[in-house]
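**Q** Here you go, one structure.
Coordinate-derived values only; no laboratory data. In this text the structure is predicted, and so the values were computed from the model without any measurement. Every residue, glycine among them, receives a Cβ derived from its backbone with ideal geometry; neighbour counts consider all protein chains shown.
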Amino acid sequence: MGLKVIPTNILKFAVDVNLDNFEQYAITIEDLLAREQSQFESHVEEEKSKWPGQDIDEFFGMYENDYRRLSEVFPDLLRKSFFVACYSFLEHTLLDLCRYLQKKHKYTVELSDLAEKGVFKARTYLKKVVGVDFPDRSALWTDITNFSHIRNFIVHNNGQLNKTKDADTVRLLVKQKKWISIDAYECLQLTGDFYKEIIGGLRNFFEELLVALSKIQIPE
């Protein structure tokens, strides 16, 4: 009976392409937001010079909603949707990998047999069924666990924290990281360069996973 090493080149290519696309998308969107806001502010200053009224608060009041959309609402929607998309990519990639390995090597245990969900189900499958030395003892996996909490609050609670243990974990994360904060309404806010942390973390995690996968030898 021979031994077969799991091929990782296709997975690496798919991960690199997708993360590159995510990164370029984030850069483009943040640039567009900055330009739109700059153009808006220039327009307001130009109109201000023509304002015939004495009440300057009345003038700025006419643009208050537009300013809030460009400076708060649009960035918040785009950044949170981007975060969820990145996490979904991570989750689907890991689950698809498990399904591929089960089908390819005919493992009797299927992914659906496990009770866990998402990335945690994939981790258990790769560790217990495939035998991968899954990189879940590093700071990268801690970050991914935190990402899952953030994703859940965004998807299920519109980004607002509650009184659960997961919320306490996220609050601790906020104290340690500069790319995320909590506003006065207990809602999560992501900074303009948060994507660097997310993309960088995913790249490093997949690098560790690919190394672990390349060391697995499966009987042919």
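**Q** Choose one answer from LYS103, LYS117, LYS163: the residue with the largest mean-square fluctuation in a GNM of the chain with alpha-carbon springs under 10 Å.
**A** Top of the fluctuation ranking is LYS163.
**Q** Going by how many other beta carbons lie within 10 Å of each one, how would you line up ARG137, ARG99, ARG79, fewest first? Could you put the intermediate results ahead of the total?
**A** Numbers: ARG137 9, ARG99 15, ARG79 25.
Starting with the residue having the fewest Cβ neighbours, the order is ARG137, ARG99, ARG79.
**Q** Have a look at ILE199, ILE56, ILE182 and tell me which one the Gaussian network model of the chain (Cα, springs below 10 Å) gives the largest fluctuation.
**A** Highest fluctuation among the options: ILE56.
**Q** Taking the Cα atoms only, what angle lies between the long axis of helix 74-105 and the longest principal axis of the chain, rounded to 10 degrees?
**A** 10
**Q** Continuing with the same structure: At 25 °C and 0.890 mPa s, grab the translational diffusion coefficient of region 3-219 from Stokes-Einstein with a Kirkwood Rh over Cα pairs, rounded to a whole number in µm² per second.
**A** Values: Rh = 20.0 Å.
Translational diffusion coefficient: 123 µm²/s.
**Q** I'd like the distance between the alpha-carbon centres of region 144-220 and region 71-91, rounded to an integer number of Å.
**A** Using only Cα atoms, the two centres lie 12 Å from each other.
**Q** Between 0 and 90 degrees, rounded to the nearest ten: what's the tilt of helix 9-48 against the longest Cα principal axis of the chain?
**A** Taking Cα atoms only, the helix is inclined about 0 degrees.
**Q** Explain nothing, just the number: dipole magnitude of the chain about its Cα centre with +1 on each Lys and Arg Cβ and -1 on each Asp and Glu Cβ, in debye rounded to the nearest 20.
**A** On the way: 29 positive and 34 negative charges, 335 e Å.
So the dipole magnitude of the chain works out to roughly 1620 debye.
**Q** Run lengths n ≥ 4 of DSSP H only: what is the helix-derived mean residue ellipticity at 222 nm for the chain, with -39500 (n - 2.57) per run over all residues, to the nearest 500?
**A** My calculation for the chain gives -22500 deg cm²/dmol from helical runs alone.
**Q** Treating cross-link reach as a plain straight distance, find the aspartates and glutamates whose alpha-carbon is under 15 Å from the alpha-carbon of LYS215, omitting any fewer than eight places away in the same chain.
**A** By straight Cα distance, LYS215 reaches ASP133, GLU207.
**Q** Now, a different point. Angle, helix 165-176 long axis vs. longest principal axis of the chain, Cα atoms, 0 to 90°, nearest 10?
**A** It is inclined by approximately 70 degrees.
**Q** Now a separate question. Give me GLU91, GLU46 ranked fewest to most by other Cβ atoms within 10 Å of their Cβ, as a rough exposure proxy. Please list the in-between numbers first.
**A** Details: GLU91 20, GLU46 9.
With the fewest neighbours first, GLU91, GLU46 line up as GLU46, GLU91.
**Q** Here is a follow-up. Using the charge dipole of the chain (Lys, Arg: +1 at Cβ; Asp, Glu: -1 at Cβ; taken about the Cα centre), state which of ILE27, LEU140, ILE216 has its Cα farthest towards the positive end.
**A** Sorting the options by dipole projection puts first ILE216.
**Q** Using only alpha carbon pairs under 8 Å that are at least six residues apart, calculate the relative contact order of the chain and give it in whole percent.
**A** Details: 173 pairs, mean separation 72.7, N = 220.
Here the relative contact order equals 33 percent.
**Q** Turning to a different aspect of this structure: Going down the list LYS121/LYS196; LYS80/LYS128; LYS80/LYS117; LYS48/LYS177, which pairs span over 30 Å between their C-alpha atoms? Write out the running numbers ahead of the final one.
**A** Details: LYS121/LYS196 26 Å; LYS80/LYS128 33 Å; LYS80/LYS117 21 Å; LYS48/LYS177 39 Å.
Flagged as over cut-off: LYS80/LYS128; LYS48/LYS177.
**Q** List the trypsin sites (Lys or Arg not before Pro) in region 27-67 that DSSP assigns to loop (not H, G, I, E or B) and whose Cβ has at most 14 other Cβ atoms within 10 Å. Which are they? Write down the numbers at each step before the final one.
**A** On the way: sites: ARG35, LYS48, LYS50; in loops: LYS50.
Here the trypsin sites (Lys or Arg not before Pro) that fit, given the DSSP loop and packing criteria, are LYS50.
**Q** When a footprinting reagent is the concern and you count Cβ atoms within 10 Å, what order do ILE180, ILE27, ILE198 take, fewest first?
**A** On the way: ILE180 19, ILE27 13, ILE198 24.
In order of increasing Cβ crowding within 10 Å: ILE27, ILE180, ILE198.
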